[in-house]
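Structure first, commentary second.
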Amino acid sequence: MRAREWAIASAFGDPSDYDVPNLPAWRVERGADGEIAFASAEGDEPFIAAAGPVRVRR
């Protein structure tokens, strides 16, 4: 639900004008074999990781 709120609010200006919180800044790490991991800040442990991500078409 937050993603939908942010997308609608951003279409009409700054989301903070509509009391929608800012998106978090994520750090993305990629390994040599194609792994990918997301962490919230420098030095934090990744909160989600994938050993073999695949590209999908939307």
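The values are calculated or read from the model by the stated rules, or taken from the named source; none is laboratory data. In this text the structure is predicted, and so the values were computed from the model without any measurement. When we count neighbours, we look across all protein chains shown, and the Cβ atoms used for this are built from the backbone with ideal geometry, even at glycine. For accessibility, only protein heavy atoms count, side chains too; no ligands or nucleic acids. Shrake-Rupley method; radii C 1.70, N 1.55, O 1.52, S 1.80 Å.
Among the residues of region 1-53, write down those that are aliphatic (A, V, I, L, M), at pLDDT 85 or above and within 12 Å of the chain's Cα centre (by Cα).
Selection gives Val28, Ala37, Ala39, Ile48.
If you go through region 1-34 and keep only what is touching a Phe, Trp or Tyr at 6+ places or on another chain (Cβ under 8 Å), of a type in the set (A, V, I, L, M) and either part of a loop (DSSP other than H, G, I, E, B) or surrounded by 10 or more Cβ atoms within 10 Å (Cβ to Cβ) (or both), you end up with Ala9, Val20, Leu23. Out of all the residues in region 19-58, which are farther than 22 Å from Trp6 by Cβ and among the aliphatic types (A, V, I, L, M)? Once the filter is applied, which keeps residues that are farther than 22 Å from Trp6 by Cβ and among the aliphatic types (A, V, I, L, M), region 19-58 yields Ala32, Ile36, Ala37, Ala49, Ala50, Ala51, Val54. Residues in region 35-51 that are in a loop (DSSP other than H, G, I, E, B) and open to solvent by 60 Å² or more (accessible area, probe 1.4 Å): Glu35, Ser40, Glu42, Gly43, Asp44, Glu45, Phe47, Ala51.
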